[in-house]
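To keep things clear, I will list the structure first and then write my remarks on it.
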Amino acid sequence: MALKLFNTLTRSVQEFTPLDPRKQKVGMYCCGPTVYDYAHIGNWRTFVFADLVRRTLEFSGYEVSHVMNITDVEDKIIQRVREQKTTLREFTGKFEAAFLDDLKALGCRAPHVKPRATEHIPEIIALIEKLVARGVAYPAADGSVYFSIEKYRGCGACYGQLLKLNLDEMRSGERVASDEYEKESLADFALWKARVPGDGDVFWPSPFGEGRPGWHIECSAMSIKALGETFDLHLGGEDLKFPHHEDEIAQSEGATGKPFVKFWLHGAHLLVEGKKMSKSLGNFFTLRDLLARGFTGREVRYLLLTAHYRETFNFTLDGLHGAKSALLRLDECIGKLRDLAGNVTAAPDANLLEPFSAALADDLNISAAWAAVFDWRNEMNRRLAENSLHPADAAAALAAWEKVDSVLGVGVKAETEIPPEIQALADERAAAKQAKDFKRSDAIRDELKARSWVIEDTPKGTRLKKL
Ligand SMILES: [Zn+2]
């Protein structure tokens, strides 16, 4: 089934076809974290969305090359390195490791390439030199190098491909040095920032003088290196459309003269408890904050995956409680299907797979995809209850679920999720029962319950279930 996605570049839902002449390989770049703090739940929505896109492409049979950069030099980072009197590497290393741990906790597949900006300084300098040679970038008196929007437009190029910019308001000659700036100050932006005393030890030599790269040029240099001058997909949160992504396009197309990216995908914002997240409102959560409240990465992932990526989503703690019970009900059904199927195998049941695939292909219509899963679960529960399901039916249902979960990434393999000490207690209880030591067997059952595990006796033996 043809996969359709909303392309910000054309403002329309389009059929996705890769640039690869064999229509097999897909290059996908997602703007990664700026490692100056723990990522918050709004950031995680974007990364879970990127994971959904990647898994959907893989589910559709494509071979994806997933690149996610690590921005480890940037204005905010330098400020904090200075405040904390530490080194750049030590400071960013801690938050990079935390980010990758959290990414894993959320069940996201690891990107194939994770380039760090500080390890691509020669590529960044070469790209800036190219832009200077082509006349669309210029060195300023202070030793910084800026991108000239006027010169770029003078070559017939379009600045403002992702969103309509009011270019008449642009005053030529105005410049902006900081990495983040507002729409009103649309202006030439810094590619290379000359060293200033506040930078401390964070600088590199270059033909333009000592300094460091701007944020926007980092992504152009690293994506081109990893995926080529033109590639298939570029993703990010909608707040990155301007200026970051617009600048990425200008720098890349300004240097290569070729189209940069075929499909731009943007994920929408997230509200928490109905409001914009802020520390002062008490609705600011990192993943770690949520784990400390007893939720799991899997529950957070599930909740983030319930809304369409182009819709603003209201993330709430009530929603997380709902996620917990929805997953429990799903686990319960899948556990029963596993018991019934035993070692029987079968081809995937189309009753789940077809509506699920059709929903995803329709610009990742996740609500329809979940509806297909819940209809299927209800039907399975009904048939399990009336004993009308054969082991082969259960096996076909499970085979379909495995495929579906290769996209959703919320399933657990019950067998591998039981901690060894819990399994040891269950074995001891089985031995006690065998020896008719019911007092001991009951005591172990209580002990397991205290640790949030229940033991269920089924016709095929006992089964452990997490409460
Ligand atoms: Zn970027």
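The values are calculated or read from the model by the stated rules, or taken from the named source; none is laboratory data. Note that the structure is predicted; figures quoted are calculated from it, not measured. Heads up, the Cβs are rebuilt from the backbone with ideal geometry, glycines too, and the neighbour counts pull from every protein chain shown. The area values use the complete protein model at the heavy-atom level, side chains included, leaving out ligands, DNA and RNA. Shrake-Rupley method; radii C 1.70, N 1.55, O 1.52, S 1.80 Å.
Descriptive notes on the structure:
- Working from label points 7 Å from Cα in the Cα-to-Cβ sense, the GLN79 to ASP318 distance is 3.6 nm.
- Against the main long axis of the alpha-carbon atoms of the chain, helix 366-385 sits at an angle near 10°.
- Lysines whose Cα lies under 21 Å from that of LYS4, excluding same-chain neighbours fewer than 8 positions away: LYS23, LYS25, LYS241, LYS262, LYS403
- By DSSP, the beta bridges lying fully in segment 1-143 are antiparallel in about 30 percent of cases.
- Residues in segment 219-245 that a label on LEU163 would reach, taking backbone N under 11 Å of a point 7 Å out along Cα→Cβ: 238-245
- Note on the chain: helix-only mean residue ellipticity at 222 nm, from DSSP H runs of 4+ residues weighted -39500 (n - 2.57) and normalised by residue number, equals -14500 deg cm²/dmol.
- Cα gyration tensor shape for segment 201-329, rounded if a/c is under 1.5, else prolate or oblate: prolate
- On full extension, the segment bounded by VAL412 and LYS25 gains 136.4 nm, given 0.36 nm per residue less the C-alpha separation.
- Computed from point charges on the beta carbon alone (+1 for Lys and Arg, -1 for Asp and Glu), the dipole magnitude for the chain about its Cα centre is near 840 Debye.
- The calculated FRET efficiency for the pair ASN351 and ALA443, based on their C-beta separation and a Förster distance of 41 Å, comes to about 0.35.
- Computed label-point distance, nm, for sites ASN365 and ASN343 using a 7 Å Cα→Cβ extension: 4.2
- For segment 379-441: rounded, prolate or oblate by the Cα gyration tensor [a/c cutoff 1.5]: oblate
- Global form of the chain, assessed from the alpha-carbon gyration tensor, a/c cut-off 1.5: prolate
- Scanning residues 5 or more positions from VAL272 or on other chains, those with amide H under 5 Å from its amide H are MET277, PHE315, with H placed 1.01 Å from N in the peptide plane.
- Heavy-atom accessible surface of the chain: percent carbon and sulfur, 1.4 Å: 50
- For the chain, the longest principal axis of the Cα atoms and the long axis of helix 215-227 meet at an angle of about 60 degrees.
- What the phi angles of segment 142-155 give under the Karplus curve with 6.51, -1.76 and 1.60, with θ = phi - 60°, is a coupling list of 7, x, 7, 10, 10, 8, 9, 5, 5, 5, 4, 5, x, 7 Hz, glycine and proline written as x.
- Rg followed by Dmax, in Å, when segment 60-178 is reduced to its Cα trace: 18.8, 52
- Largest to smallest accessible area among TRP370, TRP204 [probe 1.4 Å]: TRP204, TRP370
- If both residues of a DSSP beta bridge must be in the chain, then about 50% of such bridges are antiparallel.
- In Å², nearest 10: area of ARG195 left accessible to a 1.4 Å probe: 100
- Here is the list for segment 324-415: GluC sites (Glu not before Pro) lying in DSSP coil, each with at most 14 other C-beta atoms within 10 angstrom of its C-beta, are GLU386.
- Computed lengthening from GLU15 to LYS94, 0.36 nm per intervening residue step minus Cα-Cα distance: 24.4 nm
- Karplus (6.51, -1.76, 1.60) ³J(HN,Hα), θ = phi - 60°, over segment 441-449, in Hz, Gly and Pro reported as x: 4, 5, 4, 5, 4, 5, 4, 5, 5
- Residues ARG288 and ARG463, FRET efficiency given R0 of 22 Å [Cβ-Cβ distance, rounded to 0.05]: 0.10
- Rolling a 1.4 angstrom probe over the protein heavy atoms with all chains in place gives the chain an accessible area of 46 Å² per residue.
- Taking amide H as placed 1.01 Å from N in the peptide plane, the amide H of ARG116 sits under 5 Å from that of ILE70, each at least 5 places away or on another chain.
- Normalised by the number of residues in the chain, the average gap of Cα pairs under 8 Å and 6 or more apart makes the relative contact order 16 percent.
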